[in-house]
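Just below is one structure, and these are the notes that go with it.
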Amino acid sequence: MTQKPIDILLVDDNPDDVELALFALRRNQLANHIQIVRDGVEALDFLFCKGKYEDRDCSRRPKLVLLDLKMPKLNGLEVLKAIRENPQTAGIPVVILTTSKEDRDLVESYRLGVNSYIVKPVDFEQFSDVVRQLGFYWLLLNERPKVKEDIF
């Protein structure tokens, strides 16, 4: 079975935020293949091909992870730490997209190697615009190194 490449791994437990992000990305034709997971454990299972994702081709990594911080089971900081500690996933761009304006979350996210930290706007149009800009930058403008798949 041929698996489609994943453009974005969206990690968020809020169904409204997920729908808004999907709407903005699809309206702007920025991501054809989006995988949605609802908590930190499921995110790591997807990335490391465990649990219900054990048959997934792990060489097909997402081009971008949009990661919420406040989630059940494992929070976003724990997920980010696991991503950065593993050489197979360390190079995947991770953008924190959260409601948290707490300085300690911001500082810890950057200490752990996040690529960007964005506070979710409350307004629908602003949120949609933020997601559009994120998708445009990380999927179309950002240059990734041309190296072997097993490195990044």
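The values are calculated or read from the model by the stated rules, or taken from the named source; none is laboratory data. Quick caveat, the model's predicted, so the values are computed rather than measured. Ideal geometry is used to build each Cβ from the backbone, glycine not excepted, and the neighbour counts take in all protein chains shown.
Do you know which of the residues in the range 100-141 that are β-branched (Val, Ile, Thr) and surrounded by 14 or more Cβ atoms within 10 Å (Cβ to Cβ) is farthest from VAL18 (Cα to Cα)?
That would be VAL114.
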Single residue of the range 82-101 satisfying the filter (in contact (Cβ under 8 Å) with a residue 12 or more places away in the chain and among the charged types (D, E, K, R)) that is farthest from PHE46 (Cα to Cα): LYS101
Within the range 71-96, considering residues that are of a type in the set (D, E, K, R) and touching a helix residue (DSSP H, G or I) at 6+ places or on another chain (Cβ under 7 Å), the one modelled with the lowest pLDDT: LYS73
The range 14-29: number of residues that are touching a Lys or Arg at 6+ places or on another chain (Cβ under 7 Å) and crowded, with 18+ Cβ neighbours inside 10 Å: 2
In the range 104-122, residue farthest from LEU9 (Cα to Cα) [restricted to those that are part of a loop (DSSP other than H, G, I, E, B) and over 12 Å from the mean Cα position of the chain (by Cα)]: VAL122
Single residue of VAL79, VAL65, VAL11 found to be farther than 22 Å from TYR137 by Cα, among the β-branched types (Val, Ile, Thr), in contact (Cβ under 8 Å) with a residue 24 or more places away in the chain and surrounded by 15 or more Cβ atoms within 10 Å (Cβ to Cβ): VAL79
In the range 30-54, residue farthest from ILE83 (Cα to Cα) [restricted to those that are charged (D, E, K, R) and surrounded by 13 or more Cβ atoms within 10 Å (Cβ to Cβ)]: ARG38
Test result for ASP57, under 13 Å from the mean Cα position of the chain (by Cα), in contact (Cβ under 8 Å) with a residue 40 or more places away in the chain and surrounded by fewer than 19 Cβ atoms within 10 Å (Cβ to Cβ): no
